[in-house]
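In what follows, a structure is listed as structure tokens, so that the remarks can point back to it.
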Amino acid sequence: MGSIGVLMLIPMNTYLEQELQKRYNLFKLWTAPQKPQFIKEHANSIRAVVGNAGAGADAELIEALPRLEIVSSFSVGVDKIDLAKCREKGIRVTNTPDVLTEDVADLAIGLMLAVLRRLCESDRYVRSGKWKKGDYKLTTKFSGKTVGIIGLGRIGMAVAKRAEAFNCPICYYSRTEKSDTKYKYYPSVVELASNCQILVVACPLTEETRHIVNREVLNALGPKGVLINIGRGPHVDEPELVSALVEGRLGGAGLDVYEHEPEVPEELFGLENVVLLPHVGSGTVETRKVMADLVLGNLEAHFSNKPLLTPLV
Amino acid sequence: MATPNHPGNHDHQSKELPQVLVLEPPPIMKLHGDRFLNDFQLLKAWESPLPLDQFLSIHAQSVKALLTPGRYPLTRNILQLLPSLQLVVTTSAGLNHIDLPEFQRRGIAIASAGDVYSEDVADMAVGFLIDVLRKISAADRYVRKGLWDTKTEFPLGSKLCSKRVGIVGLGSIGQEVAKRLQAFGCRIMYTSRNKKPSVSYPYYSNVLELAADSDVLIICCGLTEQTRHMINKDVMLALGKEGVVINIGRGAIIDEKELVQCLVQRELAGAGLDVFENEPHVPRELLTMDNVVLSPHRAVRTPESLTAMCEHVKGNLEAFFSNKPLLSPVMNI
């Protein structure tokens, strides 16, 4: 096993890195002064790529690795992987579904509460000494607000289940209406946004869902509406989001993802109706360990000719 | 609807409307004005130039009803100046500002906030817990300072699912907290003055044992002589180094000095606090900690709760003056 080359694209998890180092011949792309050179140099021994939400195997990389057999992503989203190319070349792809569903859903609710109840802003208020001068203002109740979910997959359903415990009516948009759910369906995102107060992005990023939250949707959500993005930055037209917030056409936003991470539009830094997180949806000690074990387990299965644990391709 | 009261000599107009004494305006009045109480004649003590005892002696001898906010202590001294008092309506979720035994002795009924605020307070408790475990406020600060880059990882948080949550006080607020956290996969246990037969959560008869079996303690009880400093050093040590304390009750339920020490010495992993022993003063050490979330006693302060409280207060006063049962009488003092 020691001679199998595995290319890790960016730092993502110390435990995963250490285990990969123990089991395989690990190449850390981020340490290379010249990346294309580095890849060329080691291309003949690299049989696996490990990426995550931030970096994946695009067509160029796949072409540069003639011995590539498997791409194992330390994430559930695989929008950075050229799946079509992998299929074409018979390259296997695995991700980490299910194990991070709860953490991401928890964070979505946490963002809703943080935005509506201004948790971060009032914490700043206390720390700056302002409480000594006067009470903090009123903030909007969360319980009972209508929550609209784009994408009723595992994460969307988990968000719905949690929001229901707060007596929030649930509605959703999905490519097709789901027959086995009691939640109200809307056939378009604009209609969904017009009929909810909190809009959550919980679908995969594909060509169809890029900028699924655009100016029209943001206007429909409105000055009392709140957008929660725990999907991918490109789901939302970011410049439109920024102007909607700055101009008060949108009531607030809780964001875990951005179009060009780690860049966050600086216009948002001065707004008290936004909460900004550095893509930590699955960021718990417990879940990252389970995700890492899933990556390792998939690689091990592949290289021992056993069925993959969580294959996508 | 409003029965005329039978006053002694007093020089107010509108003798038909029942009188309600207000010593200090509650938050709802400051924010909404007093139109919601148009069916009553309000005696506004704070507007008078007279010192309080004089005002009460002259104007409030036949007053039967008092509307009071939470921050105004209702002591024996005040009661002595209100010989006709039969009802206090409080807009506060807590009752620690009311000398309960003295009220009981005098047969004065108390109408509490009922469960008007419970959802908002429970929401805040859950918000704090997610914030502390997942470092939401800390991460927001990190991003706004421009510290996010791809090379250094923001510290990982801790998962909510399967956390053992000990609820201290399973009243209306505690039950709303429990219902919410169950949906996150938390395991709920509780302590309360009495075991609640209608709930299936494991019951602990004392808070120390609850803490020993919990990862999180959420303080949802009222402040009484029994609960003052109930969350002491022993309880916090029993909760443990990974433990989190959330307080949406009253600051004095926790021994604040000990809480700060435990946090400083990492005997506790974090805290979410809406209340403090000496508001608006917050212990200096907490102001620079990344593992605490601080809030200026505002869990009930939403327009929705305050509007609902206006209706609730009006409802209680209407019930009293028409000899109907109060909406939210305080029993079992």
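Worth a mention:
- Note on the protein assembly as shown: Rg/Rh from C-alpha atoms, Kirkwood Rh, equals 1.05.
- Cα-centred dipole magnitude for the protein assembly as shown, charges only on beta-carbon of K, R (+1) and D, E (-1), debye, nearest 20: 780
- Placing a pseudo-label 7 Å from each Cα along the Cα-to-Cβ vector at B:Leu208 and A:Lys289 gives an inter-label distance of 3.1 nm.
- Chain A: angle of helix A:285-303 to the longest principal axis, Cα-based, in degrees nearest 10: 30
- Angle of helix A:154-164 to the longest C-alpha principal axis of chain A, folded into 0 to 90 degrees and rounded to 10: 20°.
- Amide hydrogen neighbours beyond the local backbone of B:Gly270, cut-off 5 Å, H modeled: B:Val245
- For segment A:101-276: relative contact order, % (alpha-carbon pairs under 8 angstrom, 6 or more apart): 21
- Cα-only Debye scattering, segment A:6-93: base-10 log of I(q)/I(0) at q = 0.14 Å⁻¹: -0.42
- Loop sites in segment A:1-72: trypsin sites (Lys or Arg not before Pro), DSSP, at most 13 other Cβ within 10 Å: A:Arg67
- Applying a DSSP loop filter and a limit of 14 other Cβ atoms within 10 Å to the GluC sites (Glu not before Pro) in segment A:103-178 leaves A:Glu177.
- Cut-off of 10 Å, at most 14 other beta carbons, DSSP loop: longest stretch of chain B lacking such GluC sites (Glu not before Pro): B:17-224
- Residue-normalised accessible area of segment A:101-276, given per residue in Å² at a 1.4 Å probe: 39
- Cβ-derived FRET efficiency at R0 60 Å, B:Arg284 paired with A:Glu300, nearest 0.05: 0.70
- Whole-percent carbon and sulfur share, accessible surface of segment A:101-276, 1.4 Å: 48
- Taking both sides together, the accessible area buried where B meets A is about 5200 Å² for a 1.4 Å probe.
- Highest-fluctuation residue, B:Arg284, B:Arg134, B:Arg71 considered, GNM on chain B with Cα pairs under 10 Å: B:Arg284
- Over segment A:208-313: Rg over Rh, Cα atoms, Kirkwood Rh: 1.15
- Across A:Lys161/B:Lys314; A:Lys161/B:Lys135; A:Lys178/A:Lys289; A:Lys184/B:Lys30, pairs whose alpha-carbon gap is larger than 29 Å: A:Lys161/B:Lys314; A:Lys178/A:Lys289; A:Lys184/B:Lys30
- Dividing the convex hull volume of the alpha-carbon atoms in chain A by its residue count gives 150 Å³ per residue.
- The C-alpha atoms of chain B define a longest principal axis, and helix B:118-134 lies at about 20 degrees to it.
- Karplus 3J(HN,Hα) series, Hz, for segment B:266-283 with 6.51 cos²θ - 1.76 cosθ + 1.60 (x for Gly, Pro): 6, 7, 10, 8, x, 8, x, 10, 9, 9, 9, 5, 9, 4, x, 7, 10, x
- Lys/Arg +1, Asp/Glu -1 at C-beta; chain A dipole; positive extreme among A:His302, A:Pro204, A:Leu119: A:Leu119
- Apolar share of the accessible surface for chain B: 49 percent from carbon plus sulfur atoms, 1.4 Å probe.
- Distance histogram for segment A:192-270 (every C-alpha pair counted, 5 angstrom bins, percent rounded to whole numbers): 4, 17, 30, 28, 16, 5, 0
- Note on chain A: GNM, Cα springs under 10 Å; of A:Gln37, A:Gln197, A:Gln21, the largest mean-square fluctuation is that of A:Gln37.
- Simple spin-label estimate for B:Ser84 and A:Ser179 gives 7.2 nm between the two label positions (7 Å along the Cα-to-Cβ direction from each Cα).
- Over segment A:140-199, the pair-distance histogram of Cα-Cα distances with 5 Å bins from zero comes to 4, 21, 33, 26, 12, 3, 1 percent, rounded to whole numbers.
- Applying Stokes-Einstein at 10 °C and 1.306 mPa s to the Kirkwood radius of chain B, computed over alpha-carbon pairs, gives a translational diffusion coefficient of 73 µm² s⁻¹.
- Built amide H within the under 5 Å cut-off of B:Val116, gap 5+: none
- Looking at chain B alone, DSSP beta bridges between its own residues are antiparallel in about 5 percent of cases.
- Principal axes of segment A:101-276: Cα extent on each, largest first, Å: 55, 33, 27
- Candidates A:Val274, A:Val290, A:Val217: whichever shows maximal mean-square fluctuation once chain A is modelled as a Gaussian network with Cα springs under 10 Å: A:Val290
- Antiparallel content of DSSP bridges confined to the protein assembly as shown, in %, to 5: 5
- Between segment A:231-299 and segment A:4-80, the Cα center-to-center distance that results, in Å: 24
- Amide H contacts under 5 Å for A:Ile149: A:Cys171, A:Tyr172, A:Tyr173, A:Val200, restricted to partners 5 or more places along the chain or on a different chain, H placed in the peptide plane at 1.01 Å from N.
The values are calculated or read from the model by the stated rules, or taken from the named source; none is laboratory data. Only a predicted model underlies this, so the values are computations on that prediction, with no experimental measurement involved. We place every Cβ from the backbone using ideal geometry, glycine too, and count neighbours over all the protein chains shown. Just so you know, the surface numbers come from the protein's heavy atoms only, side chains and all, with ligands and any DNA or RNA stripped out. Shrake-Rupley method; radii C 1.70, N 1.55, O 1.52, S 1.80 Å.
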